[in-house]
Amino acid sequence: MMLTRKIGNLMHLNGCCGNLTSYVSVRFVVLFVVVLSCAVDYITRVNINVAMVAMVKSHPHSHNVSAGSCPFEEISSSDNSSFPIIHDETHNVVNPNLTYDWSPKTQGIILGSFWYSYMCMQVPSGRMAEELGGKWIVAISLVGSAVINIITPFVAGSMTILVLSRIVLGVLQGGIFPACYAMLYKWMPQKERSFALANMDVGATLGSIVAASLTGYLSEHGFAGGWPSSFFVSGMIALVTFVIWMTCTHSIPEDHPSISDAELRYIQQTRGAGKNPHGSASGRSHAPPVPWVAMLTSPPVLAVIVSRFSLGWTFFTILTKLPAYLNDVLHVTPTENGLLNASLYTASILSSVMAGILSEKWIQEGFISRTKCRKFFASIASVGAALCLTAVPNAGCNKTFVMALFILANFCMGCCSGGDGPVPSELTTNFPATVFAIANMVSCSSGFVAPYVIGIILESNVGDLRYLWSLVFYMSAGLAVMGIIIFIIFGEATVQHWDNHMGTFEMTALPTEGSDDEWLVHEA
């Protein structure tokens, strides 16, 4: 550990980060690099969702008019739309030797395989981040993600090896978000924390934008036969980000060589859990044992878990299967597909930033209690997305209307940054990364369940293609509504009684006008 710390300090001294922190608060530099790492995490994770359109052999007659896809001549984008009406019967312009005969069910297995291992790594990574810090967890993830992406074009010919590589990628990336969550909890003052945590989602969304647009373009116009170039470029981006991460970050502010004494004192005094999240001024004490039974039977914890899973199903439905819907039903090209997907995530960024800022402003000004604020924005996210998905089947083949509905759905879902997103950090001062990891683990289970279930639906013979997709959208909408109802009934955003079970802290609630989340903390 001494060697790795010396290497890290040397990189700080010789890197550009030391000069940058002379002008910008160190915590905001760390926040920026965390957001960048979350973005790259998603670039190297979701590029396969768009690349899959180019990787799969085209069967132009498998979804004809009678099968229920939109006829090419009837695809409407309105009279003044900028989207061209495509009349070609196939858009697969990549090298045919680099395409594979994968059924929708097989594609679902490939896309979902990542989430099996990713889900399993959430809680162990959260505990490791709370005990040991998050810097090296993220560093290993970035390097490993780069390697997996670079080798993907070489292993794609074997479905078994490709699935195994996706499982390994899930193991490597399973720690990024819990580690970043734990780091921001220690780095950010309490009044800045909701905004900072919301920006993790902004980073993920930015990564989705880059992955969608870059992969769509490279699939048609890239080197190495098209889609392989998207994985090579993504891998190189991850390697560059690794260097930036090692140069600019430390797990806790107490270890950062460039932080000023004034900023360090400010962080220690305002991060909302006494001297630091684990009760010592150094920030290096071990977290207390987790009260697993009390935590996992806590109604507010269960409520946020259900809420995250239900909205996660909708999120992963759009993330993993929308490119296939646009290709198979609306017949867009890979480049169009990527750009249209990127527009969805742009909308999500706007709402995520807006909701994060507004929610914290309303809470700080006493306009609304923290719990009510979280439920309000979570309701916008879930109900808004559900209404949009319900309307998609009724939009028919109007490309502009369909895309407007998906953009609005993503805009609504971005509001979760002011809703249930920050709640894990508000239920506990000792175990924020653990609670987040549990909720994220359950949420991410929809990442492999949803593509698989959707694949089964699309391969069934109960109706034509558009009817089958309508079942997919109605199912997602129903789950989103179910989740928000449970969150409204049982959800809270206050520190729970089990948080101080070991006597590490003694907490006394301080009810205040318009706020139900304030507490006093002192060593017991």
Problem set entry | Those residues of region 125-161 which are surrounded by fewer than 20 Cβ atoms within 10 Å (Cβ to Cβ) and either without any contact (Cβ under 8 Å) to a residue 12 or more places away in the chain or among the basic types (Lys, Arg) (or both), in sequence order | Arg127, Phe154, Val155, Ser158, Thr160, Ile161
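Select from region 367-385 the residues that are hydrophobic (A, V, I, L, M, F, W, C) and more than 19 Å from the chain's Cα centre (by Cα) and write down the one among them that is nearest to Tyr474 (Cα to Cα).
Residues of region 367-385 that are hydrophobic (A, V, I, L, M, F, W, C), as a first pass: 367-368, 373, 376-378, 380-381, 383, 385.
If we keep only those that are more than 19 Å from the chain's Cα centre (by Cα) as well, we get 367-368, 373, 376, 383.
Numbers: Phe367: 35, Ile368: 33, Cys373: 27, Phe376: 23, Val383: 13 Å.
Checked region 367-385; the qualifying residue nearest to Tyr474 (Cα to Cα) is Val383.
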Problem set entry | Hey, Ile456 in contact (Cβ under 8 Å) with a residue 60 or more places away in the chain and more than 16 Å from the chain's Cα centre (by Cα) or not | yes
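I'd like the full set of residues that are buried (at least 24 other Cβ atoms within 10 Å of the Cβ) and within 21 Å of Ser352 (Cβ to Cβ), limited to region 210-221. I'd like the intermediate steps shown before the answer.
Start the filter on region 210-221 by keeping residues that are buried (at least 24 other Cβ atoms within 10 Å of the Cβ), which leaves 211-212, 215-216, 218-219.
Ala211, Ala212, listed by residue number.
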Exercise. Going through region 162-197 one residue at a time, which ones are of a type in the set (S, T, N, Q) and either modelled with pLDDT under 90 or crowded, with 24+ Cβ neighbours inside 10 Å (or both)?
Worked result: Gln173, Gln190, Ser194
Problem set entry | Selection status of Ile259, farther than 27 Å from Ser343 by Cβ and in a loop (DSSP other than H, G, I, E, B) | yes
For this session: Report whether or not Leu468 is surrounded by fewer than 24 Cβ atoms within 10 Å (Cβ to Cβ), of a type in the set (A, V, I, L, M) and part of a helix (DSSP H, G or I).
Result: yes
Exercise. So which residues in region 345-397 are more than 30 Å from Tyr467 (Cβ to Cβ) and among the aliphatic types (A, V, I, L, M), if there are any at all?
Worked result: Ile349, Leu350, Val353, Met354, Ala355, Ile357, Leu358, Ile363, Ile368, Ala378
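Looking only at region 426-458, count how many residues are of a type in the set (A, V, I, L, M) and more than 19 Å from Ala198 (Cβ to Cβ).
Initial filter on region 426-458 (of a type in the set (A, V, I, L, M)): 427, 433, 435, 437-439, 441-442, 449-450, 453-454, 456-458.
Going one step further and asking which of them are more than 19 Å from Ala198 (Cβ to Cβ), we end up with 438, 441-442, 449-450, 453-454, 456-458.
Qualifying residue count for the region: 10.
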Exercise. Does Leu344 qualify as being surrounded by fewer than 19 Cβ atoms within 10 Å (Cβ to Cβ), touching a residue at least 40 places away in the same chain (Cβ under 8 Å) and assigned to a helix (DSSP H, G or I)?
Worked result: no
Problem set entry | Residue selected from region 260-271 under the condition of a type outside the set (Asp, Glu) and either surrounded by fewer than 21 Cβ atoms within 10 Å (Cβ to Cβ) or in contact with a Cys (Cβ under 8 Å, 6 or more places away or on another chain) (or both), by the criterion modelled with the lowest pLDDT | Thr270
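Residue-wise test of (1) in contact with an Asp or Glu (Cβ under 9 Å, 6 or more places away or on another chain); (2) closer than 30 Å to Gly356 by Cβ.
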site: Ile137; (1), (2): no, yes
site: Ser141; (1), (2): yes, yes
site: Phe154; (1), (2): no, no
site: Ser158; (1), (2): no, no
site: Ser165; (1), (2): no, no
site: Gly170; (1), (2): no, yes
site: Ala182; (1), (2): yes, yes
site: Met188; (1), (2): no, yes
site: Ser194; (1), (2): yes, yes
Seminar exercise, completed: Val290 fails exactly one of (1) part of a helix (DSSP H, G or I); (2) surrounded by fewer than 24 Cβ atoms within 10 Å (Cβ to Cβ); (3) modelled with pLDDT under 85, namely (1)
Exercise. Which condition number in (1) within 26 Å of Ala439 (Cβ to Cβ); (2) over 19 Å from the mean Cα position of the chain (by Cα); (3) hydrophobic (A, V, I, L, M, F, W, C) is the one that Val329 fails?
Worked result: (1)
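The values are calculated or read from the model by the stated rules, or taken from the named source; none is laboratory data. Computed from a predicted structure; not experimentally measured. So basically every Cβ, Gly included, is an ideal-geometry build from the backbone, and we count neighbours across all protein chains shown.
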